[in-house]
Amino acid sequence: MLGCLVFLVGHASPPPASEAVLVPGHSVPSGRAMAEAWRLAQRGQALAFAGEARAALEQVRRAHELSSDPKLLFQAGQLEQELGNFARATLAFEQFLTWPGPVLKSERAAAVRLLRQSSASTARLNLQTNVQGAEIELEGQRGVASGAGFVAYLLLDAGERRIALSKPGYETRTLTVELEPGEVRSLRVDLDKAVGGRSETKPGKPRWALFSPTRPVGVRHTSAL
């Protein structure tokens, strides 16, 4: 699984920020940010080879935030897959493969193979609701969400998944869905106005889904709802 990590830190020193290869639309990171991202990527590789996938993933995520280097998505996808986070792995590989910059044939072939493996354990849920800006709460690491307005697109690990929708002034709605591998399902979930115009729930600050390909909706990840 770890044989492709050399793609990420195969040079003796980090490239200058002016030479960084970025996803279109991202600003060029500073030299300090690139140096820190390089250090984090190297640390992530060392942790991965030591078998500490969860700690390695944290380093890779931070490196990607600083550098926007799409090749870090490849490593993140590998680590997510090793940890059994198939939806998040699928999204990382999809973004890597749709990056418009140059990619080696060997890198692309490896990403396609790993994407096929991870996506075989996922399902997609198109969720429509009656209020804008509803916050979606997912089980920890079991999925990612994107979208805007009244519609959210969820990429989830297959199996029994629990989802909650909330917004101040509305009653929280919690549902459980059983999703088969490869399934694509559409659901409408409407929220009712809270009694007195106030909701008993107090949603915290949203934590955005990492590596989201479109504008993210509010997402929180928890171990239990």
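Please treat every number below as a calculation from the coordinates, not as lab data. Only a predicted model underlies this, so the values are computations on that prediction, with no experimental measurement involved. In this analysis, Cβ positions are derived from the backbone assuming ideal geometry, glycine residues included, and neighbour counts consider all displayed protein chains.
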* Asked: For region 147-200, what log10 I(q)/I(0) values come out of the Debye formula at q = 0.16, 0.18, 0.31 1/Å, with one point per alpha carbon and no solvent?
  -> -0.58, -0.69, -1.28
* **Charge sum, other residues only, whose C-beta stays under 11 Å from Leu66's C-beta, Lys/Arg counted +1 and Asp/Glu -1** => +1
* **Kirkwood Rh and Cα Rg combined as Rg/Rh, region 57-195** => 1.03
* To do: Sum up the charges of everything whose Cβ sits under 14 Å from the Cβ of Phe86, counting Lys and Arg as +1 and Asp and Glu as -1, but leave Phe86 out.
  => -2
* Eligible aspartates and glutamates near Lys193 by straight Cα distance, threshold 14 Å, same-chain separation 8 or greater -> Glu171
